[in-house]
Amino acid sequence: MTQGQPNEIDALITRCGTDLREFAHTFRADAFYIPTPQDEETNKFLDLLVNPAIAHSLINAHRDWGKTSWVVTAILQRILYRLANCIMYCSLTEDTATPRTDALKRELERNRLIVDTFGNLRSEKWAQKEWCTIPMVEDGVELHPGTQVVPRGIGQPVRGWLYDNKYRPDYVVVDDIQTRKTVKSKTLRDEAWDWLNGEVLGCFSHRDKLGPKEFPPKLIVIGNMLHEDCVVNRLREEAEKPGSLWGDNYLILPLCDDSLRSRRPEFVSDQKVKRIYQHYKNMGELNTFAQEYQC
Ligand SMILES: Nc1ncnc2c1ncn2[C@@H]1O[C@H](COP(=O)(O)OP(=O)(O)OP(=O)(O)O)[C@@H](O)[C@H]1O
Ligand SMILES: [Mg+2]
């Protein structure tokens, strides 16, 4: 955090509760060591992660764009500013999801700036896979129940999940649920698709009226293009249909244009794009390059 007068620091902390970019560069400056560009696409990406009016966000970005760093940071912001009750982080398996949610716990305990600003949020349910932070209580009144964080993998139950017997998942992230290996099998592709549609999309509350301590539910699906029949591509096809759940809330973020010019030179230079392209060309894998980097 920059040096400043106490009221400037308070103003910065307040802004960080609504501005994900500022939050990331203030509280996770070690991970976000490259200034995040202010272009329209990046702004839309950030809005898709945090805007409570958007219930379904779909993001297909190239490999290493920063997808996971950003969703994990958005989860951290939700926890610290009490913006969600029950967060699910879904990946290929529970074993691939758990290291991410464990890293969040470490951040809450060891990031000095976070601890000094927000205090110790560790509850007695900290050692389990599904852990939660302490409630926020003022004058004996519970204002927020604490946030439960749940790692999940394909095939695990999500539908019917209730935190504290009251709260349905309200911030669900589906991050890279397929790999180049699993997309080769039609059975596994169908399994991932059925799980997403049956379990994940079915886990939210559909009530129009929210309870006093509830938040509007939000689902964010992010991933790479791995196969023409992968979940991300099936969702892209759905998103193109009129009246789809995703509406305009989907974003495709390739590494480069058709002339191999970098679309984010702050991160990857034109020369680097050409080197990556050449590497795939030499391996006879230009199809993989087109899928993963040109989306
Ligand atoms: N401003 C920034 N925004 C996002 N990432 C940044 C930024 N500055 C630096 N980085 C770094 O870029 C890397 C992005 O990696 P990350 O795993 O988040 O990407 P990803 O898109 O999820 O990759 P993959 O396609 O492999 O899943 C991280 O090491 C992160 O610290
Ligand atoms: Mg990732």
Value of Rg/Rh across segment 255-295 [Cα atoms, Kirkwood radius]: 0.95
Calculated SAXS-style log₁₀ I(q)/I(0) at q = 0.12, 0.26, 0.30 Å⁻¹ - segment 139-197, Debye, Cα scatterers: -0.42, -1.15, -1.36
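List the relative contact order of the chain as a percent without decimals, with contacts defined as Cα pairs under 8 Å and 6+ residues apart. If you can, show how the numbers build up before the last one.
Values: 437 pairs, mean separation 68.6, N = 295.
RCO, the chain: 23 percent.
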Mean separation of Cα contacts under 8 Å (6+ apart) over length of segment 255-295, as relative contact order %: 36 percent
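Sorting 188, 76, 210, 255 on the 10 Å Cβ count, fewest up front, what's the list? Before the final figure, lay out the partial values.
Numbers: 188 16, 76 22, 210 12, 255 25.
The most exposed by this proxy come first: 210, 188, 76, 255.
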Distribution of pairwise C-alpha distances over the chain, 10 Å bins, in %: 6, 26, 34, 24, 9, 2, 0
Most to least packed among 174-180, 141-147 [average Cβ atoms within 10 Å]: 174-180, 141-147
Proximal aspartates and glutamates relative to residue 105, as straight alpha-carbon distance under 17 Å, when same-chain residues fewer than 8 apart are discounted: 30, 94, 95, 116, 124, 130
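Rounded to the nearest 500, what is the 222 nm mean residue ellipticity of the chain from helices alone, with -39500 (n - 2.57) per DSSP H run of 4+ residues and division by all residues?
Working: 10 runs with 109 residues, N = 295.
Per the formula, -11000 deg cm²/dmol.
Bear in mind that the values in this text are calculations on the coordinates, not laboratory data. Please read all numbers here as calculations on a predicted model, not as lab measurements. Methodologically, a virtual Cβ is constructed for each residue, glycine included, from the backbone with ideal geometry; neighbour enumeration extends over all protein chains shown.
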